[in-house]
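Here's the structure, in structure tokens; my notes come after.
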Amino acid sequence: MTVPTLYIDGDACPVKDEAIRVAERHQAPVVIVSNRWHRIDHYLVTQVVATEGADAADDIIVDRIGPGDVVVTADIPLANRCLEKGAHPIDPRGRPFEEANIGMQMAMRELMRGLRETGEVTGGPSGFTKQDRSRFLDGLEKVMQAARRGR
């Protein structure tokens, strides 16, 4: 069994601590990529601060990931790029992105963006809950196990 590297799209990620706990169980290296430094001191964690730019952090993640690595992100286009490289993206609510559903998620993202631009829809996703954290822990554990088995 190989140990995947766990990448975290770090700027808006509400589950960094939980992700590190799961990585610790697997002794998996963690790379947090963000536009600013985070106060995290852990032996498994490496931080990479991206230069300014809309997709600078995303580009770093895509450049570094390999097949079987795991990526925590809420960014659907980044998740799509990760799938193309054979990685396992999962969102902070514990839902894995998969080849079977990424096309629909990309289309829905564009539809919602258009509705927000026209003012027909305002606001974003619902608030983050304890249940979301619990689902994330369970979902990430499953994704890490699958990645270790090479699936």
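The values are calculated or read from the model by the stated rules, or taken from the named source; none is laboratory data. Please read these numbers as outputs of a predicted model, since none were measured by experiment. Positions of Cβ are backbone-derived with ideal geometry, glycine not excepted, and every protein chain shown enters the neighbour counts.
Of the residues making up region 10-27, those that are surrounded by 21 or more Cβ atoms within 10 Å (Cβ to Cβ) and at pLDDT 95 or above are Val15, Ala19, Val22, Ala23. Residues that are closer than 18 Å to Cys82 by Cβ and either aromatic (Phe, Trp, Tyr) or buried (at least 18 other Cβ atoms within 10 Å of the Cβ) (or both) within region 28-44 comprise Ala28, Val30, Val31, Ile32, Val33, Ser34, listed in sequence order. Of everything in region 74-96 that is farther than 10 Å from Val143 by Cα and among the charged types (D, E, K, R), the residue that is surrounded by the fewest Cβ atoms within 10 Å (Cβ to Cβ) is Glu84.
As for region 27-46, it holds at least one residue that is over 16 Å from Asp91 (Cα atoms), in contact (Cβ under 8 Å) with a residue 40 or more places away in the chain and small (Gly, Ala, Ser).
Being touching a residue at least 60 places away in the same chain (Cβ under 8 Å), of a type outside the set (Phe, Trp, Tyr) and surrounded by 14 or more Cβ atoms within 10 Å (Cβ to Cβ): is that true of Val71 here? Yes.
Okay, residues lined up against (1) loosely packed, with under 15 Cβ neighbours inside 10 Å; (2) in a strand (DSSP E or B):
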residue	(1), (2)
Thr46	yes, yes
Ala54	yes, no
Asp58	no, no
Asp63	yes, no
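Apart from one condition, Pro89 fits all of (1) part of a helix (DSSP H, G or I); (2) touching a Pro at 6+ places or on another chain (Cβ under 8 Å); the exception is (1).
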